[in-house]
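I have placed the structure first, in the form of structure tokens, so that the comments after it can refer back to it.
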């Protein structure tokens, strides 16, 4: 078991004076994503993450209709505010639904007390931030992301991003960016704005490296830090040997993807490591990546993820994955000279 006191390394964000732990805790599971989590387990998850050296925590109003923010804020209240990095997101307002029965229909096991309304206007973003700060019980965020602006790029460029830039200029937030699972649109925002950080979900993993064509080199060249989320592709890469029913991109994975994941897992086993350990190591190797954000719903899960992050990966593993065309030839790998400046 990973012992208390061992440290997760930090990486500088680059443009701003922030250092993120290379393993960060994502808050979706704390909002009851797919499965109910008790308040006690949520608190224990954050406490154990802290003990293991995690110092970057991410959440959003979307996660459990505010439940994740409330739980994360309560759990972090006993720790010095200047000792960790906290981020949340804007773009979805939580409006009372008037419902007294039924559950949320977007994957979170919570009562459907509110509905989400996309709003990237200046007023909407300020309202969203006010609500997040109240739920988190804090007077400030370190990083604010525009959340899933896929169908709202014009509004984001006209009002959403300028509002965040204004807040950054006034010193109310230290870093601003966008978080989404579309690498091409995220690259567009990097080009059109002066953001500090991009959160890419599910599109830079052992199964997907198309972002190497555009987003990743763009961010590396412009000094924009990348937080990689969804490195297990919704669960397909989370087990040593993926089986039928494994989830990919929030749905059941196709047979072809399961077979590819199994092929990678077989190579990992031959080199004495595991598929999830390789998934975490691969994501961290790109020079633009400042943190890998992984969710957890229990203390044991964050212990596992932290231990996997520190597991050594034989260098020959990557060469074989590339030789078998299971990994792009141009993908940065751990230990390579270009993997970390």
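Here, each number is a calculation from the coordinates, and none is a lab measurement. Computed from a prediction, not measured in an experiment: that's the story for all the values here. Note: ideal-geometry Cβ built from the backbone for every residue, glycine included; neighbour counts use all protein chains shown.
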Order of 262, 284 - criterion: other Cβ atoms within 10 Å of each residue's Cβ, fewest first:
262, 284
Kirkwood Rh and Cα-based Rg: tell me the resulting Rg over Rh for the chain, rounded to two decimals.
0.95
Could you tell me whether region 142-193 comes out rounded, prolate or oblate from its Cα gyration tensor? Rule is a ≥ b ≥ c as square roots of the eigenvalues, rounded for a/c under 1.5, then prolate if a/b exceeds b/c, otherwise oblate.
prolate
By the gyration tensor of its Cα atoms, with a ≥ b ≥ c the square roots of the eigenvalues, what is the shape of region 277-332: rounded for a/c under 1.5, prolate for a/b over b/c, or oblate?
prolate
Place a point 7 Å from Cα of residue 77 in the direction of its Cβ. Which residues in region 38-56 have their backbone N less than 20 Å from it?
38-51
Quick one: among 173, 117, 46, which has the greatest mean-square fluctuation in a GNM of the chain with alpha-carbon springs under 10 angstrom?
117
In degrees, nearest ten, helix 275-284 long axis to first principal axis of the chain (Cα):
70 degrees
In the Gaussian network model of the chain, springs joining C-alpha atoms below 10 Å, which of 196, 82, 213 carries the largest mean-square fluctuation?
82
Convert 10 °C to kelvin, take the viscosity as 1.306 mPa s, use the Kirkwood radius over C-alpha pairs of region 222-341 as Rh, and evaluate the Stokes-Einstein diffusion coefficient in µm²/s, rounded to a whole number.
107 µm²/s
Could you tell me the relative contact order of the chain? Use alpha-carbon pairs under 8 Å, at least six residues apart, and round to a whole percent.
18 percent
With axes computed from alpha carbons, what is the tilt in degrees of helix 255-270 against the longest principal axis of the chain, rounded to the nearest 10 within 0 to 90?
60 degrees
Stretch residue 113-residue 322 to full length: gain in nm at 0.36 nm per residue minus the Cα-Cα span?
70.4 nm
With a Förster radius of 41 Å, plug the Cβ-Cβ distance of residue 126 and residue 212 into 1/(1 + (r/R0)^6) and report the FRET value to the nearest 0.05.
0.65
Footprinting proxy, 203, 328: sorted fewest to most Cβ within 10 Å, the residues are 328, 203
Degrees between helix 299-309 axis and first principal axis of the chain (Cα, 0 to 90, nearest 10)
50 degrees
Please identify which residues in region 35-62 have an amide N closer than 20 Å to a label point set 7 Å out from the Cα of residue 97, following the Cα→Cβ vector.
35-38, 60-62
Which residue, 67, 33, 157, has the most motion in a Gaussian network model of the chain that connects Cα atoms within less than 10 Å?
157
Taking the chain and counting helices only, DSSP H stretches of n ≥ 4 at -39,500 (n - 2.57) each over all residues, the nearest-500 ellipticity at 222 nm comes to -10000 deg cm²/dmol
For region 18-125, rounded, prolate or oblate, judged on the Cα gyration tensor with a ≥ b ≥ c (square roots of eigenvalues), a/c < 1.5 rounded, else prolate if a/b > b/c?
oblate
Going fewest to most other Cβ atoms within 10 Å around each Cβ, 85, 333 line up as 333, 85
